[in-house]
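> Below: one structure in structure tokens.
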Amino acid sequence: MAEQAGIRFGWLKGMYLYTILVSGGIGLGVLASPATIQAMFGWPEQAPPLMGIAASVYVAFGILAILGLLSPLKFVPVLLLQLCYKVVWFLAVFLPNVVAGSVAQYSWIQAVIFATFVIGDLIAIPFAWVLKREGSAGS
């Protein structure tokens, strides 16, 4: 139990719940009624297979987050992947568009949502536990 000291289980579970509601919810919405979600967020028309891939990934995050509620530490890689791809999106997609002055209105909404995930994941993920070496003292 000493090795779990400092782990914010409330934040972990909160981020899993947030992922279920937001990622899973948006993913299910896109799969069930893509035109409605596109209109709601102001997204431009996209190729259905690409929308379906993104929606399926979001639903998968939601499903894995349900398992994360049951076993928070085992499913931390779900939050890590979520954190990584959102940071990459900020650096490789959003920021260059901001610098170029060509950010679409819907990108701002997405950036705010992604920022809430990045901040929440940075608080919730127990990086000391994740980066702990196997076989080190105390394990």
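> Of (1) in contact (Cβ under 8 Å) with a residue 12 or more places away in the chain; (2) part of a helix (DSSP H, G or I); (3) farther than 30 Å from Ala5 by Cβ, Val78 satisfies all except one. Which?
(3)
> Which is within 21 Å of Gln4 (Cβ to Cβ) and assigned to a helix (DSSP H, G or I), of Leu95, Leu28, Leu91, Leu17?
The unique qualifying residue is Leu17.
> Moving to a separate point now. Just wondering, is there one or more residues in the stretch 74-86 that are within 24 Å of Gln105 (Cα to Cα) and basic (Lys, Arg)?
Yes: one or more hits.
> When you go through Gln38, Gln110 one by one, which is the residue that is of a type outside the set (Val, Ile, Thr), in contact (Cβ under 8 Å) with a residue 60 or more places away in the chain and surrounded by 15 or more Cβ atoms within 10 Å (Cβ to Cβ)?
Gln110
> Can I ask one more? So which residues in the stretch 56-84 are within 8 Å of the chain's Cα centre (by Cα) and either over 15 Å from Met15 (Cα atoms) or among the polar types (S, T, N, Q) (or both)?
Gln82
> Now for a separate question. Residues in the stretch 31-49 that are among the aromatic types (Phe, Trp, Tyr) and either outside any helix (DSSP H, G or I) or at pLDDT 95 or above (or both): how many?
Summing the residues that are among the aromatic types (Phe, Trp, Tyr) and either outside any helix (DSSP H, G or I) or at pLDDT 95 or above (or both) in the stretch 31-49 gives 1.
> Return yes when Gly52 is surrounded by 14 or more Cβ atoms within 10 Å (Cβ to Cβ), more than 16 Å from the chain's Cα centre (by Cα), at pLDDT 90 or above and on the phi < 0 side of the Ramachandran plot and no when it is not.
Yes: the conditions hold for Gly52.
> Restricting the search to the stretch 8-28, which residues are crowded, with 17+ Cβ neighbours inside 10 Å and either without any contact (Cβ under 8 Å) to a residue 40 or more places away in the chain or touching a Lys or Arg at 6+ places or on another chain (Cβ under 9 Å) (or both)?
Listed by number, the residues that qualify are Ile26, Gly27.
The values are calculated or read from the model by the stated rules, or taken from the named source; none is laboratory data. Since the structure is predicted, the reported quantities are computational estimates derived from the model, not experimental observations. In this analysis, Cβ positions are derived from the backbone assuming ideal geometry, glycine residues included, and neighbour counts consider all displayed protein chains.
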